1. What do you get for Rg/Rh of the chain when both radii come from the Cα atoms and Rh is the Kirkwood radius?
2. Given charges of +1 on the Cβ of Lys and Arg and -1 on the Cβ of Asp and Glu, with all other atoms neutral, how large is the dipole of the chain about its Cα centre, in debye to the nearest 20?
3. Around ARG71, what is the net charge, scoring Lys/Arg as +1 and Asp/Glu as -1 over all other residues with Cβ under 13 Å from its Cβ?
4. What is the sum of charges, Lys and Arg at +1 and Asp and Glu at -1, for the other residues whose Cβ falls under 14 Å from the Cβ of ARG21?
5. Cα axis of helix 33-64 to longest principal axis of the chain: angle in degrees, 0 to 90, nearest 10?
6. Normalised by the number of residues in the chain, what is the relative contact order in percent for Cα pairs under 8 Å and 6+ residues apart?
7. Name the residue from VAL36, MET81, PHE55 whose Cα lies farthest towards the positive end of the charge dipole of the chain, charges +1 on Cβ of Lys and Arg and -1 on Cβ of Asp and Glu.
8. Taking only DSSP H segments of four or more residues, each worth -39500 (n - 2.57), what value at 222 nm results for the chain once the sum is divided by all its residues, to the nearest 500 deg cm²/dmol?
Amino acid sequence: MARRERSIRQSVSIPAGTAKRVRTLAKARGTSANRVLGDLIEAGLESKDTAKERFFALVKRLTESRDAAERQRLKVELARMTFGE
């Protein structure tokens, strides 16, 4: 039987508009706002981890590439990831 991860009670303040959207999502899913917040936080953390992995994969490709055109394209893509569009 899989063990559940221990929950920690954490109080956060969020903008009223965001809270309304969370409650709307919770109602649509038939779950609690707390569960929705937890799911959204987990999804955000996973997204950040994925972006970090992609960044380092591009850096590796840049350092290994010998093609000048590809190196320039990779530099532009890394700059976009770092500084935004």
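The values are calculated or read from the model by the stated rules, or taken from the named source; none is laboratory data. These numbers were taken from a predicted model, which means no experiment stands behind them. Ideal geometry is used to build each Cβ from the backbone, glycine not excepted, and the neighbour counts take in all protein chains shown. Accessible surface areas use protein heavy atoms only, side chains included; no ligands, DNA or RNA. Shrake-Rupley method; radii C 1.70, N 1.55, O 1.52, S 1.80 Å.
1. On the way: Rg = 19.6 Å, Rh = 16.4 Å.
Value, to two decimals: 1.20.
2. Details: 20 positive and 11 negative charges, 84 e Å.
Here the size comes out at about 400 debye.
3. Values: positive: LYS60, ARG61, ARG66, ARG73, LYS75; negative: GLU64, ASP67, GLU70, GLU77.
Here the charged neighbours net out to +1.
4. On the way: positive: LYS20, ARG23, LYS27, ARG29; negative: ASP39.
My count for the surroundings of ARG21 gives +3.
5. Once rounded, the angle reads 10 degrees.
6. Numbers: 23 pairs, mean separation 12.6, N = 85.
Across the chain, relative contact order equals 15 percent.
7. Farthest along the dipole direction, towards plus: VAL36.
8. Dividing the helical sum by the residues of the chain leaves -25000 deg cm²/dmol.
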